Amino acid sequence: MYDLIEQKRSVRKLYTESLIGRGDITVEEAEQVLRDYQQQLERVFTEVREATSEPSEWTTVPDYRRSRRAPPPPQRSARRSSSASPTPT
């Protein structure tokens, strides 16, 4: 099973080839983006590894699962209290 998965091409590679094939980006641009991303990963990895204490302020990531529009809560039926004025007949 692992061999079968290993033979598959990554989604990143497939999408990059698609963008290049359509002419949306050049090979050089794709390579530059990949280098920039790798440098960013290395920079953050180094910062985290060299951190000597916990940060004074935590950065949170939005919970995108909750950002989907949820259905509105069910409507409650309006109950009248005994102190309400009587309804006209």
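Rank these by accessible area, largest first, 1.4 Å probe: 44, 33, 61.
Working: 44 60, 33 95, 61 120 Å².
The residues order as 61, 33, 44, largest area first.
Rounded to the nearest 10 Å², what accessible area does residue 37 show when all protein chains are kept and the probe is 1.4 Å?
120
What distance in nm separates the simple spin-label points at residue 6 and residue 75, each placed 7 Å from Cα in the Cβ direction?
For residue 6 paired with residue 75, the spin-label model returns 6.1 nm.
The values are calculated or read from the model by the stated rules, or taken from the named source; none is laboratory data. Quick caveat: nothing in here was measured; it's all calculated off a predicted structure. Glycine also receives a Cβ, built like all others from the backbone with ideal geometry; neighbour counts cover every protein chain displayed. For accessibility, only protein heavy atoms count, side chains too; no ligands or nucleic acids. Shrake-Rupley method; radii C 1.70, N 1.55, O 1.52, S 1.80 Å.
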